[in-house]
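For reference, the structure discussed in these notes is given below.
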Amino acid sequence: MAQEEVNKAISGEYKLGFEIDIEEDKVPPGLNEDIIRFISKKKNEPEWMTELRLKAYRKWLTMEEPHWAKLDYEPIDYQAISYYAAPKKGVDSLDEVDPKILEAYNKLGIPLEEQKQLAGVKVAVDAVVDSVSVKTTYQEELKKLGIIFCSISEAIRDYPELVKKYMFSVVPMNDNFFAALNSAVFTDGTFVYIPKGVRCPMELSTYFRINAINTGQFERTLIIADEGSYVSYNEGCSAPMRDENQLHAAVVELIALKDAEIKYSTIQNWYPGDEEGRGGIYNFVTKRGLCEGENSKISWTQVETGSSITWKYPSCILKGDNSVGEFYSVAITTLAQQADTGTKMIHIGKNTTSTIISKGISAMKGQNTYRGLVKFYSSAKGARNYSECDSLLIGDKCGAHTFPYLESKDSEGQIEHEATTTKISDEQLFYLRQRGISEEDAVSMIVHGFCKEVFNQLPMEYAVEARALLNLTLEGSVG
Amino acid sequence: MSKLEIKNLKAKIGDKEILKGLDLALEEGKVHVIMGPNGAGKSTLSKAIVGHYDINVTDGKIIFKGKDITNEEPEIRALEGLFLSFQHPVEIPGVNNAYFLRTAVNAKRRYEGKEELNAAEFLREMREIAKEIGLKPELLNRSLNVGFSGGEKKRNEVLQMMMLKPDVIILDEIDSGLDIDALKDVSKGINKLRDGKRSFLIITHYSRILDYVKPDYIHILMDGKVVKTAGPELVEKLEKEGYSSFEEK
Ligand SMILES: Nc1ncnc2c1ncn2[C@@H]1O[C@H](COP(=O)(O)OP(=O)(O)OP(=O)(O)O)[C@@H](O)[C@H]1O
Ligand SMILES: [Mg+2]
């Protein structure tokens, strides 16, 4: 078959690659203790936070960049990166957001005015540009329910007790090289606290935008769901098209107390670079949730379409008895993208259950690796895991790899694992085309069918976005 | 006048020549039957007609409704009115059967400059036909052909045929593996579409289906060529003598 046509069909243009033309405050490239003090000061942080950052930095200096993942990239020069960039206007006062930023967010389809709603549904948004949060909507309305939804910088100033108690409690500052770097230089991100028994009445979301050149983005997100509460949180992102690579090293910590549930969805659409692998975001992310209390539940859903390099393993520590962890993932690598992603499900409590559904799609020169660990502690009597890892290959220059690991100290635990690798077969494509469906629509239909189980997990507004984004990634010049 | 004309068709799969100068003409409104030994090239011919990429046509022509379609894209051939019921329909996980069918029906309507069918109209027609041909309604909501039994897959092909209402219909072993009720249902569907204009090409190994669908012509395909064309009476001779008497000396 005409493989080139399919290639064309799946290498849709990146439509969000524009730059926002604003003045930014930016530190010169390089990393040292002075820069860290500078960041901490810029954010008006208390002394204890500055000290924690420095501690993390000193740990980071002793650590080495990990290279066990199946990723091949140019060495990162950490001294060539600028660690702080912020739009000059509208940082101190929420009402003075630069109109150009509002316009840019509109273009991205993210409403920053409360009266404008996403698909007719209220969604509270924290908008982050480079190193700072520029606006957070619906804060007042949420506050009435006791819900805290603000930037992490605000939380450090206004809710130090919660931050001290929970930050670094799930992802310790020396957890890994990238987490340590983030702990030292993190700039902004979102903080959420849902009080006891409260069901958050709207979707919460953060939209991250890298804008400045030669900067890294190091956001940090902390979500705490107190006993019996529920929250659904969504994260989206994009970046301009540039020939240089930019580093994004985020840390996300989730804590679900007794009977609480956190649903965390990501639509990752950082700039993927070009066909030759030039440019694109290096995405090294540590995401971990702790099911601290009994009957708690944490569910990760991710749709990974962007970045040139993705290194990411959203995980659950199932400590509370009967707690539940879920991981639903669609990762698409096309062009020259590489993704090494998966999850860890750590079963500690009794009767803990986890579900892993991973769908990897590779096209063109894309390389897609699933890496997952299921671990049963001896305390995890009656624990169960179900894993399903499917790979779909489009063309013959791409690759799919699956590394499922299992550690069990408990013979009672039950694990079910299924893995398949399929190629979009010429027969499937032909069948649809014989019924009068164009090649491009046929590819899209097959890929959507493959992702269905995961898309069904997304909140409705975001499922629509994810489908559209998938179409965009698949869109091309056929016909 | 012939609806579909195949002239001196030569085709390869890989390096192997399968069709070796095949001639065949389907007349308007007629039912043509092709019989022939395993491996003779029957499925290859049907795939060549609808433009399957495995088949490399090296010589000859395919003329459909007066137009040379030898090098046409498969979806264009389909939209122009060519339909193949596959010998082995493929399974497509996650693609809802009804959604797929509606996409196909509307692609055709758009191509013909008609308005798309709305969901209600579409569902009504689909359910009616499904009932008529004994296709279980729950199959409409499942993934396309996934886990369907052999007979269910064939019925699903007939459903598509009846919804798309093509001009030339090729049925590659639609009767293989069907129980007697299924055979009757499938035949009913075919007969319903016989309108004096539409042409059929039925590929089969058994005369059984011809008790229900009355053919006009029988062709014998051997070693990549049509070696004999005659009326329905040829079937009887075939049943008695097998294919050996038709071998080219
Ligand atoms: N994809 C393929 N690669 C190689 N050879 C093939 C391929 N498909 C078909 N062939 C060969 O082409 C020849 C004709 O096959 P075809 O399927 O057209 O036969 P048929 O007449 O339909 O047989 P049957 O009655 O068994 O269905 C056979 O020798 C077969 O092995
Ligand atoms: Mg055959």
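Checked against a 31 Å cut-off, the cross-linked pairs A:K42/A:K107; A:K359/B:K114; A:K423/B:K225; A:K297/A:K423; B:K42/B:K192; A:K70/A:K107 give Cα-Cα distances beyond that limit for A:K359/B:K114; A:K423/B:K225; A:K297/A:K423; A:K70/A:K107. For the stretch A:363-418, the Cβ-based charge dipole about the Cα centre amounts to some 260 debye (Lys, Arg positive; Asp, Glu negative; other atoms uncharged). Against chain B, whose longest principal axis comes from its Cα atoms, helix B:150-164 is set at around 80 degrees. Note on chain B: along the principal axes its Cα atoms extend 58, 39, 34 Å, ordered by decreasing extent.
For chain B, the relative contact order works out to 28 percent when only alpha carbon pairs closer than 8 Å and six or more residues apart are counted. Compared with the dominant Cα axis of chain B, that is its longest principal axis, helix B:119-132 is turned about 50°.
Estimated purely from DSSP H runs of n ≥ 4, each contributing -39500 (n - 2.57), the mean residue ellipticity at 222 nm for chain A is -7000 deg cm²/dmol once divided by its residues. According to the calculation over all Cα-Cα pairs in the stretch A:270-362, the P(r) per 5 Å bin from zero is 3, 15, 23, 18, 13, 11, 8, 5, 3, 1 %. Rg and Dmax over the alpha-carbon atoms of the stretch A:123-274 stand at 15.3, 48 Å.
For the segment B:142-152, counting C-beta atoms of other chains within 10 Å of every residue's C-beta and taking the mean gives 1. Annotation for the stretch B:108-158 versus the stretch A:283-310: alpha-carbon center distance of 40 Å.
Taken one residue at a time, the phi angles of the stretch B:191-207 give Karplus couplings (6.51, -1.76, 1.60, θ = phi - 60°) of 4, 5, 7, 6, 10, x, 10, 5, 10, 10, 10, 9, 9, 8, 9, 10, 7 Hz. Gly and Pro are set to x. Taken over the stretch B:136-249, the ratio of Cα radius of gyration to 2.2 N^0.38 Å equals 1.19.
Computed from the C-alpha gyration tensor, the three semi-axes of the ellipsoid equivalent to the stretch A:145-202 are 24, 12, 11 Å, from longest to shortest. For the protein assembly as shown, the average shadow cast by the Cα convex hull is 35.2 nm², which is a quarter of the hull's surface. For the stretch A:278-364, averaging the sequence separation of C-alpha pairs within contact (under 8 Å, six or more residues apart) and dividing by the residue count gives a relative contact order of 30 percent.
Separation of the stretch A:132-179 from the stretch B:30-81 is 65 Å, based on Cα centroids. A 1.4 Å probe, protein heavy atoms only, puts the accessible area of A:W48 near 60 Å².
Evaluated with a Cβ-only charge set (Lys, Arg +1; Asp, Glu -1), chain A carries a dipole of roughly 1100 debye about its Cα centre, given to the nearest 20. Mean residue ellipticity at 222 nm, helices only, chain B: -10000 deg cm²/dmol; runs of at least 4 DSSP H residues each add -39,500 (n - 2.57), and the sum is divided by the number of residues. Normalised by residue count, the stretch B:185-237 yields a Cα convex hull volume of 95 Å³ per residue.
Between the helical axis of B:97-111 and the longest alpha-carbon principal axis of chain B there is an angle of about 70 degrees.
The values are calculated or read from the model by the stated rules, or taken from the named source; none is laboratory data. Note that the coordinates shown come from a computational prediction; the quantities given were computed from them, not determined experimentally. All Cβ positions, even for glycine, are placed from backbone atoms using ideal geometry, and neighbour counts span all protein chains on display. The area values use the complete protein model at the heavy-atom level, side chains included, leaving out ligands, DNA and RNA. Shrake-Rupley method; radii C 1.70, N 1.55, O 1.52, S 1.80 Å.
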